[in-house]
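Just below is one structure, and these are the notes that go with it.
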Amino acid sequence: MTTGGGDAKQLLATEGYDPAFGARPLKRTIQRMVQNPLAMALPEGKFKDGDAIVARAAGGHLVFEPA
């Protein structure tokens, strides 16, 4: 997976940071915003095995598209 610019990275960094805990919540944020949506998209046939996937931020969430 690649990012379609810094907006996706910035969204993950913003969502995954907590002033009280630092970057500790980042792992859970990646699971929620990246791993879970991709795990749902694969069985639906949105991507084929071996596809490169681009992530971009849109409306406060990540959108995944074939590269």
Query raised in the report: List the pairs whose first member sits in region 13-34 and is closer than 19 Å to ALA58 by Cα, whose second member is in a strand (DSSP E or B) and of a type outside the set (Phe, Trp, Tyr), and whose Cβ atoms are under 8 Å apart, counting only residues at least 6 apart or on separate chains?
Result: MET33/HIS61; MET33/LEU62; VAL34/ALA55; VAL34/LEU62
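Are there helices (runs of 4 or more DSSP H) fully within the chain with at least 1 residues that are of a type in the set (Asp, Glu)? List them. Please lay out each step first, then the result.
Working: elements: 6-15, 26-30, 36-41.
The helices (runs of 4 or more DSSP H) meeting that bar are 6-15.
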Query raised in the report: Tell me, which residue of region 4-41 that is exposed (fewer than 14 other Cβ atoms within 10 Å of the Cβ) and of a type in the set (A, V, I, L, M) is modelled with the lowest pLDDT?
Result: ALA23
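The values are calculated or read from the model by the stated rules, or taken from the named source; none is laboratory data. The structure presented is a predicted model; accordingly, all values stated were derived computationally and were not measured. Quick reminder, even Gly has a Cβ in these numbers, built from the backbone with ideal geometry, and neighbours come from all protein chains shown.
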